[in-house]
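The values are calculated or read from the model by the stated rules, or taken from the named source; none is laboratory data. Keep in mind it's a predicted model, so treat the numbers as computed, not measured. As a convention, Cβ positions derive from the backbone with ideal geometry for all residues, glycine included, and neighbour counts pool all protein chains shown. Side chains are part of the model used for accessible areas, which takes the heavy atoms of the whole protein and leaves out ligands, DNA and RNA. Shrake-Rupley method; radii C 1.70, N 1.55, O 1.52, S 1.80 Å.
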Amino acid sequence: MKVLEIKNVHKIYNSSEVKVHAVNGVSLDFEKGEFAAIVGPSGSGKTTLLNMIGGLDTPTSGEIMVDHINLAGLKSSALIDFRMRNIGFVFQSYNLIPVLTAKENVEFIMSLQKWDKKERDQRTLELLKAVGLEDRINSRPSKLSGGQQQRVAVARALASKPKFVLADEPTANLDSKSTETLLDIMEELNREEGITFIFSTHDARVVKKARRVITVEDGQVISDERKN
Amino acid sequence: MIWKTAWKNVWRNKVRSLVVIISITIGIFGGIFGVAVMNGAIAQRVDAALNEEISHIHINDPAFRDNYDIQLLIHNHEQVLTTILETPGVNSVSSRTLITGMANTATKSAGVQIIGIDPEKEKEVMRLNETTIPGTGDFFETASRHNLAYIGEALAKELNIIRYRIDEAVLDSLAAQELPVEVLDKLVPFSGKRFTSEKAFKNEVKGVLSMKEQREYGALIKEEAWSFRTRSKMTLTFLDSEQMQTGAVFRIAGIFDIKNSIFEMGQVLVKNEDLSILTGLAANDYHQMIVRLDDVESTEEVTAALSGKFPGMEVMNWKEIQPDLAMMTDMVQKMYAIFMVIILAALAFGIVNTMLMVVLERTKELGMLTAIGMNKKRVFRMIMLESIFLSMVGGVAGMIVSKILIGLTATRGINFASYAEGFEAMGFAAHIYPSISTSFFITVTVLIIITGVLSSIYPALKALKLDPSEALRTE
Ligand SMILES: Nc1ncnc2c1ncn2[C@@H]1O[C@H](COP(=O)(O)OP(=O)(O)OP(=O)(O)O)[C@@H](O)[C@H]1O
Ligand SMILES: [Mg+2]
């Protein structure tokens with residue numbers, strides 16, 4: 001079952017005098033349950049591509065279909081709502097809400113979705129347990145290590161059971177030990193919950209864990225390999 | 001969750017939030033307290049004017065106030081009196097004879113209005129009897145075979161109804177103020193001696209003290225040694241009903257102190273029975289009736305009713321007699337408004353400025369929130385809530401501080417003693433009891449909330465303009 005189809009997507013930045021062709025005709029399909037890495041040198045267009053997939057940015061041309069829904073057809077408020085229900089995000093610099101505890105950060109989207117309090121608590125606890133932070137549920141981000149914060153971010157991204165999770169260089173700020181833990185957790189959640197993960201990275205160890213590796217250069221896909 | 005997050009966000013930068021909150025608190029407190037002090041001063045002023053100076057309503061011949069013609073009497077006084085007393089809202093009435101004349105003592109004289117009254121009736125309408133300076137006598141209570149006059153402090157000083165005396169009490173009080181023993185010793189010999197003129201007293205003091213001692217302690221000694229002369233004599237002269245110059249000696253029954261030097265200077269109250277013998281008017285001839293109402297609020301109503309009943313007479317209420325009192329109340333209302341507008345504007349700028357900073361600082365976080373699905377309505381609401389919380393905390397703190405301080409000072413009052421002279425010259429008491437109405441408090445609360453809400457709109461709109469992909473790229 002396809003959760004995501006990218007059809008001949010281009011992104012051209014026109015901001016200054018120079019025209020930047022950040023994404024140059026990318027077509028990709030993703031099945032449910034994939035664990036895919038997007039790799040490529042700096043400036044190759046990884047972030048731009050992920051932002052367009054996540055509906056944070058709009059393609060100059062081409063189509064992005066999430067669960068057969070064309071993102072271009074959604075108005076900005078509907079798009080935000082769509083993101084909330086269907087896409088989980090993990091950012092390079094964790095981006096947790098600093099005034100909220102780990103538990104509250106994970107709960108946040110569920111509360112926006114008006115989940116029932118009991119279900120919410122149950123899911124939050126389940127996720128924090130899955131990322132190995134059940135003993136830190138009441139800690140604020142400033143009291144957690146980078147690795148722990150990123151694990152909270154993963155738990156948050158999964159909270160509302162999205163169709164897929166996008167992670168732009170999730171391990172870039174982590175040491176190798178934390179990177180390994182995070183990847184293991186992501187992989188386990190991917191297997192258990194069947195959630196699709198798409199992440200960009202520079203890190204060879206991260207690439208090794210991926211079951212599909214998409215290489216981009218100058219805004220174009222130059223290889224797309226699946227491992228078993 | 002949004003409420004909780006907004007509330008927690010307020011305390012994110014504790015120092016900045018506290019600075020904003022404290023400045024709002026101080027602003028609100030300053031505004032409310034300032035208004036309370038003004039309000040208290042005005043209320044006291046109006047109260048004093050009504051109780052001690054003019055009462056609520058005056059009734060007299062329409063031409064009487066032009067030149068206080070002694071012949072312009074109230075006709076059918078008994079009947080008029082009954083009619084007034086029957087009017088709803090009227091509390092009491094006092095009838096007065098008003099004569100323009102001169103008050104003279106051996107050394108000084110002053111132009112005054114001599115007011116003939118029945119002390120018992122007058123006490124029902126005015127509260128002047130309650131303002132007698134202790135030790136100076138009373139309001140015609142002590143019987144006397146002499147003519148009696150009740151005069152103000154300022155007039156008593158002007159007429160030099162003062163004596164100087166150094167007695168035990170004065171020496172004790174001087175000692176307490178650290179007058180050197182050798183100076184005290186020099187003063188002891190003329191203990192008990194009285195001086196009726198300042199000059200005589202000064203000469204005596206000069207005789208015993210050295211130049212240096214005089215320079216250093218002269219003023220203090222004088223200040224301690226003077227007091228009002230009781231039962232002192234003064235002559236009142238005026239024209240009688242036949243336009244003949246007449247006059248008589250009056251003794252001072254008592255001296256009143258009403259914090260309004262103009263009234264203190266200009267009025268001499270005497271018993272009508274003493275005055276009528278001199279003027280040649282009948283005992284029940286009066287020029288003016290003054291009326292006290294049960295409630296000041298009914299002033300206009302009762303004035304209209306009385307005007308209707310006495311078409312041939314002038315019926316004037318306190319607002320017409322002293323337009324400045326009414327105007328003052330009016331003007332102060334406008335001043336409150338200006339005051340509050342300034343404070344609320346400062347509040348608004350504070351909030352807008354702080355919240356813009358907040359939005360700018362949190363660009364990335366707000367971008368992240370939009371990315372993960374927090375819609376514009378919610379982002380807007382969160383920033384609004386933060387600003388409102390911030391202004392509310394400051395507002396509430398300001399209100400509480402004001403309430404407490406007004407509560408504390410309302411009963412004890414604030415003494416502006418160092419400005420006493422200036423205040424009294426304007427007719428204001430130097431001891432002010434701040435007061436504020438509950439309705440003003442509620443109005444201010446509502447205004448703070450409205451200001452808080454309005455000033456949140458701009459920063460919250462700014463937050464909506466953020467593009468999540470851009471916001472997330474900013475490191
Ligand atoms: N807002 C923008 N305006 C103009 N050019 C942009 C903008 N955002 C990105 N670019 C350009 O688009 C190209 C692709 O950038 P992108 O951030 O997608 O690369 P990336 O592969 O994520 O790089 P990195 O590995 O360093 O994160 C770059 O040349 C970048 O300078
Ligand atoms: Mg990037």
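Averaging the Cα positions of each part gives two centres, and for segment B:112-167 and segment A:28-88 these lie 96 Å apart.
Can you work out the accessible area per residue across segment B:361-419, with the rest of the protein chains kept in place, probe 1.4 Å, in square angstrom? Numbers along the way, then the final one.
Details: 2510 Å² over 59 residues.
On a per-residue basis, 43 Å².
Considering segment A:1-103 at the alpha-carbon level, its Rg and Dmax are found to be 15.0, 46 Å. Got a sec? Which residues of segment B:365-398 lose 10 Å² or more of accessible surface with every protein chain in place, vs. that chain alone, 1.4 Å probe? When all protein chains are present, B:365, B:368, B:369, B:370, B:371, B:372, B:373, B:374, B:375, B:376, B:378 each give up 10 Å² or more of accessible surface.
Classification of chain B by its C-alpha gyration tensor yields an oblate form. The axis ratio a/c (a ≥ b ≥ c) is 1.5 or more, and b/c is at least a/b. State the antiparallel share, in %, of DSSP beta bridges confined to chain A, rounding to the nearest 5. Of all bridge pairs located within chain A, approximately 55 percent are antiparallel. Of the residues A:201, A:154, A:213, the one whose Cα sits farthest toward the positive end of the charge dipole of segment A:146-228, with +1 on the Cβ of Lys and Arg and -1 on the Cβ of Asp and Glu, is A:154. Of the peptides B:313-324, B:136-147, B:92-103, the ranking by mean beta-carbon count within 10 Å, highest at the top, reads B:92-103, B:313-324, B:136-147.
Rolling a 1.4 Å probe across the protein heavy atoms gives segment A:2-226 an accessible surface of 42 Å² per residue. Over chain B, Cα pairs under 8 Å with separation of 6+ residues give a relative contact order of 28 percent.
Per residue of A:82-90, what is the mean number of Cβ atoms on other protein chains within 10 angstrom of that residue's Cβ? Mind dumping the intermediate values first?
Details: counts 1, 7, 6, 1, 1, 3, 2, 6, 1.
Mean number of neighbouring Cβ atoms from other chains: 3.
When the Gaussian network model of chain A links Cα atoms closer than 10 Å, the mean-square fluctuations of A:206, A:18, A:165 top out at A:18.
Applying 0.36 nm per residue to the separation of residue A:223 and residue A:21 and subtracting their alpha-carbon distance, the gain on full extension is 70.8 nm. Per-residue 3J(HN,Hα) values for segment B:105-111, derived from phi via the Karplus relation 6.51 cos²θ - 1.76 cosθ + 1.60 with θ = phi - 60°, read 10, 3, 10, 9, 8, 8, x Hz in sequence order (x marks Gly and Pro).
What net charge is computed for the residues neighbouring residue B:352, neighbours being all others with C-beta under 13 Å from the C-beta of residue B:352, Lys and Arg scored +1, Asp and Glu -1? Value of the local net charge: 0. Structural descriptor for segment A:2-226: relative contact order 30 percent, calculated from alpha carbon pairs under 8 angstrom and at least 6 residues apart. Carbon-plus-sulfur accessible fraction, chain B (probe radius 1.4 Å, protein heavy atoms only): 59%.
How much of the DSSP bridge set in the protein assembly as shown is antiparallel, in percent, rounded to the nearest 5?
Details: 66 of 96 bridges.
Rounded to the nearest five, the antiparallel share is 70 percent.
May I ask you to derive the FRET efficiency for residue A:117 and residue B:15 from their Cβ-Cβ distance with R0 = 25 Å, giving the value to the nearest 0.05? If you can, show how the numbers build up before the last one.
Details: r = 35 Å, r/R0 = 1.39.
It comes to 0.10.
Chains B and A together bury some 2400 Å² of accessible area, summed over both sides, with a 1.4 Å probe.
Classify segment B:429-475: rounded, prolate or oblate, from the alpha-carbon gyration tensor (a ≥ b ≥ c, eigenvalue square roots; a/c under 1.5 rounded; otherwise prolate if a/b is larger than b/c)? Taking the square roots of the gyration eigenvalues as a ≥ b ≥ c, segment B:429-475 is prolate.
What average number of partner chain Cβ atoms lie no more than 10 Å from the Cβ of the residues making up B:18-25? All intermediate terms of the calculation are to be shown ahead of the outcome.
Details: counts 0, 0, 0, 0, 0, 0, 0, 0.
Per residue, the average neighbour count from other chains is 0.
Please compute, for peptide A:42-51, the average count of beta-carbon atoms on other protein chains lying within 10 Å of each residue's beta-carbon. Counting other chains' Cβ atoms within 10 Å and averaging over A:42-51 gives 1. Placing +1 on the Cβ of every Lys and Arg and -1 on the Cβ of every Asp and Glu, with nothing else charged, gives chain A a dipole about its Cα centre of roughly 420 debye.
When both segment B:36-98 and segment B:326-405 are represented by their alpha-carbon centers, they are found 50 Å apart. Note on residue B:277 and residue B:68: with the Förster distance fixed at 22 Å, the Cβ-Cβ geometry gives a FRET efficiency of about 0.65.
Computed over chain A with a Gaussian network model linking Cα atoms closer than 10 Å, the most mobile of A:95, A:51, A:105 is A:95. On a per residue basis, segment B:52-111 carries 45 Å² of accessible surface, using protein heavy atoms and a 1.4 Å probe.
The Cα trace of the protein assembly as shown gives Rg and Dmax of 44.0, 133 Å, the first to one decimal, the second as a whole number. Working note: Debye formula, equal point scatterers on the alpha-carbon atoms of segment B:7-64, no solvent; log10 I(q)/I(0) at q = 0.20 Å⁻¹ is -0.82. With each label modelled as a point 7 angstrom along the Cα→C-beta vector, the residue A:29-residue A:68 pair spans 1.4 nm.
Using the structure shown, list the pairs from A:75/A:163; A:163/A:227; A:46/A:129; A:7/B:376 with a Cα-Cα distance above 27 Å, or answer none. Long pairs (Cα-Cα over 27 Å): A:46/A:129; A:7/B:376. Shown for segment A:1-146: the carbon plus sulfur share of the solvent-accessible area, taken with all protein chains present and a 1.4 angstrom probe, equals 50%.
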